[in-house]
Amino acid sequence: MEDRRLKDKLFTMSEQDLQFTKEDRHAVFEQLHQLETHTAPKKSLTTLSKKFAPFTVSLIVVGLCIFLFMPSILHSNFNKEANTGIVGEPVVEEPEILTTLITVKSKEMDNRIYLNLLLTYSKNKKMLKVVSLPYNTYAPIANNSDGTTLYDKLLFAYRFGGAENVKATVSKLVNLPIDYYAVIDLETISTLVDTVDGIDYELSEDIRVRAITKVAFDLEKGLQGLNGEGVVALMMAASEGNGSDVFDEENLLKLLNAVMSKAKSDIPSTQLKELFTQLETNTSLDNLLKNYLEIHSTKLVSLRAGMIPDIEVLSDTEGKYYITFEQDFVKSIVRELTTFD
C-alpha cells in the first residue's frame, strides 16, 4: 500500500514536472539527474491512444548534417577531385526502403545516449521520414545471464555493447530492421558547432531546459548564441515535450535548419570528412558518396501524443522515471515510417 502511495505521488509529480514552471524546474532537473543513476527491471508497457503529427521540412537534425546530409555537402567536390586515391567498393543492390539510426552520446556522462533518431528513406519516392526516440524510453537494452531480457532506459543501451547494441535495442523496441547506424559523441557535435562560432537562434520566451553535463540551461527570450550542448538540449526538450509550448517540434525544425545552413556555408569539406572519421558507424563516407541519396521531402513523425509517463518504485523514497508506449501505438508509428504514398 505504501509503494502504491509513493508511485501515485511520484507519478503526479512527474506530470507536474513536465510543465516546467519557473518555481519547480530546478528541483525537477536535479531529481531526474539522481533517478538516472539507477538501473532496475520493470513491468510491461501500459496503454494510450495514438496520434501522428508530421512536419514537412528540407533539413532535419544536426546528426544528419554529419551523417546523411554531409554527402550532399561534399558530393560536388568529391566528383571534381582528381586522383583522390579512394578505392571503389562493390556496388550492392539496396532495398527500396533504407533505415538508419543516428544516436548522440556523451563520453563525459559515462556514454549515456541522449538523442536517438530513426530514419526511413524511400528510394522510389525520394522521401525521408524521421522519428526521435526519447532517451527515457523503456526498452530492452541487454540480455541477462539467465536468458531473460533486461529492460531499462534507452539512455543506458550503449553500456551493454556499444553502437551495435544501441542498434539492436532500437530494432527490438520498434520491431524494425535497421540497415545503417551512426553514434556521434556530444563532443563531436560541440566541435562542429564551435567551428561555426555557435548557432544563433531566437527564442520567443524564456525557457529552462534539461542539459547533459550540467543540470539545465536557462535561456532568455530573444537571440541566443548556442553551443553544441545547448543545441542538443533544445532538441531533447522539443522531442520529449519538456519544453511545453515554448519550444515544440516546429521550433526544433527551425533550429535544425539554422544548424544545417551554418554547416553548409561555414565548414570546409575537409573538416566534415575528419568529423566523419569520429563516428561509430557500419558504413563508410566513400559508400555514402557513391550512393548519394536525393531527398525531395522530409517528414518528422512525432511520438509526443503517445508518451506515457511511468514510475518504477525503487524504495520508500526513490523512484525511477520512464517514458513508455503502448505496443499498438508503436506498430502504427512503424507503419507510418515505412509507408510512402
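Placing a label point 7 Å from the Cα of Asp194 along the Cα-to-Cβ direction, the residues of the range 272-316 with a backbone N closer than 17 Å are 272, 274-276, 278-279. Shown in residue order for the range 109-114 are the 3J(HN,Hα) couplings computed by the Karplus curve 6.51 cos²θ - 1.76 cosθ + 1.60 at θ = phi - 60°: 9, 6, 6, 6, 10, 10 Hz (x for Gly and Pro). Near Leu115, the amide H atoms lying under 5 Å from its own belong to Val104; only residues 5 or more places off or on other chains count, and H is placed 1.01 Å from N.
Label-to-label distance, Asp206 versus Asn124, with points set 7 angstrom from Cα along the beta-carbon direction: 5.3 nm. Sticking with the crude label model, points 7 Å out along Cα→Cβ, report the distance from Leu314 to Glu220 in nm, one decimal please. So the label points at Leu314 and Glu220 sit 3.6 nm apart. I'd like the distance separating the alpha-carbon centroids of the range 169-240 and the range 93-130, in whole Å. Here the two parts' Cα centres lie 15 Å apart.
Each value in this text was obtained by applying a stated rule to the coordinates, not by laboratory testing. Since the model is a prediction, treat every value here as computed from it, not as a measurement. Using ideal geometry, Cβ is built from the backbone for each residue, glycine included, and neighbour counts are taken over all protein chains shown.
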